[in-house]
Amino acid sequence: MNGPIGRALGERRLVLLATAALFVLAVPGALRLTTDNSPRVWFLSDSPEVAAYRRFTASFGGDEGYRIALSGPALWTGTGLAYLDRLERGIGTLPGVRGVSSLLRHHRAELAEFPPARPAELRALCLANELDRAMGWVAEDGAAASLLVETASLERGEEARLAAELARRIAAPPPGVATTMFGTRSLEFALDESSGEVGRVFFPLLVLFAVAVLAATFRDLGGVAVPLAHVAISTALVLGAMGWAGVRLNLVLVILPPLVVVVALGSALHVQIPVRALEASGSPVAAAVAAVYREKGRALLWTGFSTVVGFASLAATPVPPVRTLGLWAGAGLAVQTLGIFTWYPALLASTRARRALPERRLEARLERFGRLVATAAGRRRGLVLSLYALTALVCALGLGRLTRESDALSYLPKTHPVRRAAEGLEERGLGVSTVELHLVAPPGASFAEPDSLLRLAELARRLRALPGVLGGASAGDLATDLGASSPLAALATPEELAGDGLALAEADPDGRRALARFLTDDRREARVTLFVAHAGYEAIDRLAATAEAEARRLLPAGTVVRATGLLRVLLAIQRYLLTTLAGSLALTLPILAATFYLLLGSVRDTLRALVPNVWPVLALLGGMGWIGAPLDVATAMVASIVLGLVVDDTIHTLARYRERRREVGGFEAVADKLERTAPAYLLTGGILAAGFGVCALSRFEPIARFGTLSAATVLIAVVADLLLVPALFARD
C-alpha cells in the first residue's frame, strides 16, 4: 500500500485538484436527477406477464384510467346530475383521455329532457340496469354514481398534468355533492411523494446527525470537515454519474444516497481515528497517514470489496429497480473505495497537524470499553456462545413464519388520501384496478356471432360473482343491453337481442367507440374487464386463474384465454422477492468466505469468522418472522445489504490476525485489535444505524420497515463483533 498512498501524499495538490474538477463536473449531473415510479419502471423484462400485457395493449390500447365518484344528498337532483354532465363533457375533451362513460351517456337517448324532471326515476332506471351496475356507473345501493375515465398510455409528465387537471375539475362540487377520485396512476404519484420524502427530509436529517456525532467526538474543524469532504465527493460522483446517464430515482433507488453517505463516512472514520491517535503521540500528519495505511490498507481494500459485492449481488434479481440499485450501489461504493486510497489520504495530510488533542478522551474511553468487552467475552466464552446458539435456534424457527406483502395500497398510511380514496370507492363496490381477460377466437370463428356474444355476457355475469370482483363487463353485456332498448325486445330471443344490439352499436359512432373497447375490428379478439378490489398477488393470481378456467369451460374449444392487466404485471415482481433474497445471499456468502480464507489461511478460522456475520442476517430474517414484518420490495434487500456492511468490522479485526497470533497468541491478537478499533466500530455502527434509522420515519411502510430493520441489524452486528468474535477465537 505504500506505493499508491505514497503517490497520493507526495502529489496531494494534484490529487485534490483533479478531485475538485471531478466534483464540479458531477454536481450538475446530480441536479438533473428526477423521480419516476411509473408502471414501466417495475416491468420485469421478458416476463410472460409483460409479454401478455403488451399483446393486450396492442389490441385494446391498455387499461389505465380513473374513476370519479359523486355522492351526497344532492347527487340525484337536477344540480347534481348537471354537474355530472359537465364533468363528463369537459373531461372527454382533455388531452390523453380516450373516453369517458357514465350513466348519463348510457341513458341519454332515453331522457326526454336534461336534467331530468324526475331524477328519482333515472336513479331507479340505473339501479335496475345490469350494465350500469356492472360498469360501476352506479353503486349497488344508489348512493354514488361515477365517471369512468379511460386514458392513453401517457408519459410521466403528461399523466401528471392530466391528474392535476382532473383534481382541479372535481375540487369545487355544488353543495350537497362530494367527489372522490382514484386511478391506476394514483399510487405512482403517492410513491413519488414518498421517494421525494427521503431526499427532502430524511437525507438532511442524516447529514445533521453525522455532523453532530463528528463534532461531539472530535471537537475541531478538521475532524469534522475532512470525513464530510470525503462523503460529499463520493456521493456527488455517484449521483452525478447517475444524473448524466439519465437514471431516474424510484422508491427503491432513493435509498442509495443515504447508503453511500454512511458507508463513506464509516470508511473515513476507520482511517481518521488511528491517524489522530498517532498525531496525538507526536507523529507528523503525513507520517501518521502513511503508517495507518500500512496497518489498515489491506483491511480497507477487503472491506471495500466485500461491501461492493454485498450490494452488487442485488443486480442478479429480475426486478428492475432492485437490479438498478445493485449496479449503481456497486459502482458508487467502488468509487468510495477508490477515494479512500486517493483523495482521502491527500485530504488528511493537508490538515494542520496538532499535537494536543483533548478530544481523544472519548476515543480513549471507547478503546478501554472495547478491551473490557473483549476480555469479558473471552473469559465467559461458553456462556456467550451458548446464548448466541440459543438465539440462533429461536431465529431459525422464525424463518418459517416469514410472510410476503404485495398490496401496494397497504403500504400507505390508513389516513393517506390516496388510500382513503381507493378504499372509499371499493366500499361502495366501485373498482378502478382491473384484471383483463384477453380472448382470441379459434381459427375461422368470431366473437361477433350472437352465440359468442351471449357466452361472453354469461362469462362476465359468472365472474362478477367471484369474491374480490366489484364489477365487470364484456361485448356481450353491451350488445344485450343495446338490444333490450329495441321496441321489439320483448318479442326477441336472446340470440336476436344480442345480434340486434351489435348491429345498433355498429351503426352509431358512440356505439362503435364503446364496442371498440371490447372487440377488435376483425372481431377475433375480445376483452372481458373485471374491476377488482386491491389485493396482493396471491389473491389476484387465484382470481385470475379462476377466471381463466371459467372462460375455458364456457367458450368454444381452441379459444386462447389469458388473464392480464396492469395490476397483474406490477404484482408479478412480488413473486421474485424470495428469489431476490436467496440469490443475492447465494452470491455474497461464497465471496465473503473466500475473502476470509485469503485473510486467515484456514478453513476453520474462515468458518469462525463467518459466524458473527451470518448470525445478524439470521437474526434479521427470523426476527421478521416472529414480529410479523413481511418481505416486500424494500425489506427483501435488507439481508444482502446488511451482510455487505457488517462484514467490514470483522475484516478490520482479523486483517492481520495470522501475523499477530504468532506474536501474542490468537485471543490477544483479537482483543488488542478490538481495543484499537472499538471507537471506529461504535461510531460507524451508530452512524450506519442512524443512516438507516432516519428512513424509519417515513410514512411509506416498505421504506419505514427497511430503515428500522437495517438499523436494528447493524447494531446487532456491532454487538456480535465485540462479543462473538473474541468468544470464537478465545481458545487460540
* To do: Kindly indicate whether any position in region 691-707 is surrounded by fewer than 20 Cβ atoms within 10 Å (Cβ to Cβ), touching a residue at least 12 places away in the same chain (Cβ under 8 Å) and among the hydrophobic types (A, V, I, L, M, F, W, C).
  => yes
* Under the condition of being free of Cβ contacts under 8 Å to residues at least 24 places away in the same chain and not hydrophobic (A, V, I, L, M, F, W, C), which residue from region 254-293 is surrounded by the most Cβ atoms within 10 Å (Cβ to Cβ)? -> Ser283
* Test: Leu466 is aliphatic (A, V, I, L, M), in the same structural domain as Asp521 (by TED's automatic domain parsing) and in contact with a strand residue (DSSP E or B) (Cβ under 9 Å, 6 or more places away or on another chain) -> yes
* Residue check: is Ala505 crowded, with 19+ Cβ neighbours inside 10 Å, free of Cβ contacts under 8 Å to residues at least 60 places away in the same chain and in contact with a Leu (Cβ under 6 Å, 6 or more places away or on another chain)? -> yes
* Cβ-Cβ under 7 Å pairs, at least 6 apart or on other chains, region 203-220 side farther than 17 Å from Val263 by Cα, far side part of a helix (DSSP H, G or I) -> Ala215/Val224; Thr217/Leu362; Thr217/Leu683; Phe218/Val224
* Asked: For region 51-166, which fully contained helices (runs of 4 or more DSSP H) count at least 3 residues that are more than 23 Å from Ala473 (Cβ to Cβ) and touching a residue at least 40 places away in the same chain (Cβ under 8 Å)?
  -> 78-91
* **Residues satisfying the stated conditions in region 303-312, i.e. surrounded by fewer than 22 Cβ atoms within 10 Å (Cβ to Cβ) and either at pLDDT below 85 or over 27 Å from the mean Cα position of the chain (by Cα) (or both)** => none
* Asked: Is it the case that Leu25 is touching a residue at least 60 places away in the same chain (Cβ under 8 Å), surrounded by fewer than 13 Cβ atoms within 10 Å (Cβ to Cβ), farther than 20 Å from Ala287 by Cβ and not β-branched (Val, Ile, Thr)?
  -> no
* Structure fact -> Counted residues in region 405-430 being among the basic types (Lys, Arg) and either in contact with a helix residue (DSSP H, G or I) (Cβ under 7 Å, 6 or more places away or on another chain) or crowded, with 18+ Cβ neighbours inside 10 Å (or both) come to 2
* To do: Please work out which residue is nearest to Leu683 (Cα to Cα), limiting yourself to region 354-371 and to residues that are at pLDDT 80 or above and loosely packed, with under 15 Cβ neighbours inside 10 Å.
  => Arg365
* To do: Looking for whichever is among the aliphatic types (A, V, I, L, M) and assigned by TED's automatic domain parsing to the domain that holds Leu456 here; the options are Ala533, Ala563. Which one fits?
  => Ala533
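The values are calculated or read from the model by the stated rules, or taken from the named source; none is laboratory data. All values reported here derive from a predicted model rather than from experimental measurement. Please note: Cβ atoms are built from the backbone with ideal geometry, for glycine as well, and neighbour counts cover all protein chains shown.
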